Ligand code: SF4
Ligand code: MG
């Protein structure tokens, strides 16, 4: 499969009172045409900063691209003028955020909000845009779309509002859709429905999707590939089967052990004790060393290289060095 997006050695920092916070520290990532890739990690791992970088939504200052390239169909997005980037946003690359209330305008009907992008990016006239808005609401599973386009966001439930947000994001047939914690603000049953919807839409439209989440549970039936981020780096990447059935990184083991059950209300990851590293003074070795039950002396001193375990799985951990002791994954993850 061809890559639609390639991120090469991306480094993003923020200037703060505490000094320079190195939020993303050399990320390499590919998104293939038509695939759904999940980026998983706790808050502060750099996953949102990575995705916002693709949209060039990093406020500068305090944000700064220190190095790297983000190639979209071969063109470096980081080199585009703001004007060209504005044309990209919404038409070629769209983003859905966590809270539908903040991405919708409360004073405008949802029909108008869907039509805005269509008129701006696709030069559609009012009549065609209105018709397309109805089709889009139908596509995202909102009943009575002809009536619903005339309504305001507050007349929709949380789940229905997120469907509207997805309709807006898909309006101009973007090639890449970035969904940053798209279901976190919703209750569990609605979460499952929205994920099913996204999965279904991905099949129908062949959009390439980047799904950002702190919860490995939500990626299981949605994504084909997973990148696990920690401390501004990708620590393990692989296809869904590799990450769920043959994970090699202790942080991935921790995430799997702490996966909430479908019937549980809790969405916080409590199972990994400790806190993420201070990225204003990042550790020189493995970012997970301070919390890793298997940390060795070498871990705190040197950053582990990636070991290629298959064509698709790569893991940065000293345990994969031939001199390291053999360590089994915890039984709680059942692999
Ligand atoms: Fe743990 Fe060391 Fe592997 Fe890091 S490199 S995850 S500290 S064993
Ligand atoms: Mg985030």
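The values are calculated or read from the model by the stated rules, or taken from the named source; none is laboratory data. This one's a predicted model, so the numbers in the text were calculated from it and none came from an experiment. Ideal geometry is used to build each Cβ from the backbone, glycine not excepted, and the neighbour counts take in all protein chains shown.
Counting only helices (runs of 4 or more DSSP H) that fall entirely inside region 31-139 and contain at least 1 residues that are modelled with pLDDT of 95 or more, the qualifying elements are 47-54, 82-88, 110-122, 126-139.
What about residue 10, is it closer than 20 Å to residue 183 by Cβ and at pLDDT 95 or above? Show your work before the answer.
Details: closer than 20 Å to residue 183 by Cβ: no; at pLDDT 95 or above: yes.
When the stated conditions are applied, residue 10 does not pass them.
Within region 252-266, the set of residues being modelled with pLDDT under 80 and buried (at least 17 other Cβ atoms within 10 Å of the Cβ) comprises 259, 260. Against the test of being under 19 Å from the mean Cα position of the chain (by Cα) and within 16 Å of ligand 2 (Cβ to nearest atom), the options 26, 34, 90, 41 yield a single qualifying residue, 41. When residue 184 is tested against (1) more than 16 Å from ligand 2 (Cβ to nearest atom); (2) farther than 23 Å from residue 132 by Cβ, just one condition goes unmet, and that condition is (1). The residues of region 86-106 that are within 21 Å of residue 121 (Cα to Cα), touching a helix residue (DSSP H, G or I) at 6+ places or on another chain (Cβ under 8 Å) and buried (at least 17 other Cβ atoms within 10 Å of the Cβ), listed by number, are 88, 90, 91, 93, 94, 95, 96, 97, 103, 104.
Having 2 or more residues that are out of contact with any helix residue (DSSP H, G or I) (no Cβ under 8 Å at 6 or more places or on another chain) is the bar; report the strands (runs of 3 or more DSSP E) wholly within region 203-259 that clear it. Can you show your working first?
Values: elements: 208-213, 225-230, 233-239.
Fully inside region 203-259 and qualifying: 233-239.
Do we find that residue 169 is part of a helix (DSSP H, G or I), modelled with pLDDT of 90 or more and touching a strand residue (DSSP E or B) at 6+ places or on another chain (Cβ under 6 Å) in this structure? Outline the logic, then answer.
Details: part of a helix (DSSP H, G or I): yes; modelled with pLDDT of 90 or more: yes; touching a strand residue (DSSP E or B) at 6+ places or on another chain (Cβ under 6 Å): yes.
Spelling it out, residue 169 is indeed part of a helix (DSSP H, G or I), modelled with pLDDT of 90 or more and touching a strand residue (DSSP E or B) at 6+ places or on another chain (Cβ under 6 Å).
The residues on offer are 300, 307, 332, and the sole one that is more than 23 Å from residue 48 (Cβ to Cβ), away from ligand 2 (no atom under 16 Å from the Cβ), modelled with pLDDT under 95 and outside any loop (DSSP other than H, G, I, E, B) is 332.
Have a look at 33, 79 and point out the one that is more than 16 Å from residue 172 (Cα to Cα), surrounded by fewer than 20 Cβ atoms within 10 Å (Cβ to Cβ) and in contact with a strand residue (DSSP E or B) (Cβ under 7 Å, 6 or more places away or on another chain).
Details: 79 fails: in contact with a strand residue (DSSP E or B) (Cβ under 7 Å, 6 or more places away or on another chain).
Checking each option against the conditions leaves just 33.
Kindly evaluate residue 232 against the criterion of being within 16 Å of ligand 2 (Cβ to nearest atom), closer than 25 Å to residue 72 by Cβ and surrounded by 20 or more Cβ atoms within 10 Å (Cβ to Cβ). So residue 232 fits the description; yes. Which residues, taken from region 157-176, are closer than 25 Å to residue 55 by Cβ and either in contact with a helix residue (DSSP H, G or I) (Cβ under 6 Å, 6 or more places away or on another chain) or surrounded by fewer than 19 Cβ atoms within 10 Å (Cβ to Cβ) (or both)? The answer is 158, 159, 161, 162, 164, 165, 167, 168, 171, 172, 173.
Starting from residues that are in contact (Cβ under 8 Å) with a residue 12 or more places away in the chain and surrounded by fewer than 18 Cβ atoms within 10 Å (Cβ to Cβ), keep the ones in region 198-213 and report whichever is nearest to ligand 1 (Cβ to nearest atom). Working first, answer last.
Initially, region 198-213 is screened for residues in contact (Cβ under 8 Å) with a residue 12 or more places away in the chain, giving 198-199, 201-202, 204-213.
After this cut, where a residue has to be surrounded by fewer than 18 Cβ atoms within 10 Å (Cβ to Cβ) as well, the list is 199, 204-206.
Details: 199: 31, 204: 39, 205: 38, 206: 36 Å.
Top of the filtered list is 199.
Each residue in region 140-161 was checked for being more than 18 Å from residue 204 (Cβ to Cβ) and either within 16 Å of ligand 1 (Cβ to nearest atom) or assigned to a helix (DSSP H, G or I) (or both), and 10 pass.
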